[in-house]
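As structure tokens, the structure follows; a few thoughts come after it.
Taken together, the values in this text are just the output of simple stated rules run on the coordinates, not laboratory data. Treat the numbers as computed from the prediction; the structure is a model and nothing was measured. Note that we place each Cβ from the backbone using ideal geometry, even for glycine, and neighbour counts take in every protein chain shown.
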Amino acid sequence: MILEIFTLCDAATVHAGKMNILGSFDTLSAESFPAQHTDCVVACKMRTTPEDHEPVDIEMHIIDPDGKDVIPPVSNRLEGGSRLHNHLWHIRGLPLPMPGTFYVDLLANGVLLARNPLFVRQNERRGGNQGN
């Protein structure tokens, strides 16, 4: 199995076999916590090879700095054989319970295949009276 693309982004589509990705990112910020990111997509492009005879079960997790899932894990089964597999997981209302380093994990048959960090930061508040 070959992982070609695994990214968190603002939007993604697949049309006529082509994956279109907009705004790949690894950092989010919020004024206060808990917070929520309104809309994003985890885009994944994988290729199974002729050596991949059996189906492969994949899972995508997003975990917080304490190692807890912030959304329920999602899973798919990939058929064996030489094929291209495009997966787009749309996430509306991504919970951000605290600042810190989150991870977007991809597992294949229970084994970690890829891990991308998501840095969640708290915006610095501007001090003093702004005249309002």
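Structural remarks
- Taking the fewest neighbouring Cβ atoms within 10 Å as the starting point, the ordered list for Ser29, Ser75 is Ser75, Ser29.
- Between segment 1-20 and segment 82-126, the Cα center-to-center distance that results, in Å: 15 Å
- Of the GluC sites (Glu not before Pro) in segment 39-132, those whose Cβ has at most 10 other Cβ within 10 Å and which sit in DSSP loop: Glu51, Glu124
- Legend: translational diffusion of the chain by Stokes-Einstein, Rh = Kirkwood radius over C-alpha pairs, 10 °C, 1.306 mPa s; D = 98 µm²/s.
- Added length on full extension, which subtracts the Cα-Cα distance from 0.36 nm per residue, Phe33 to Asp57: 5.2 nm
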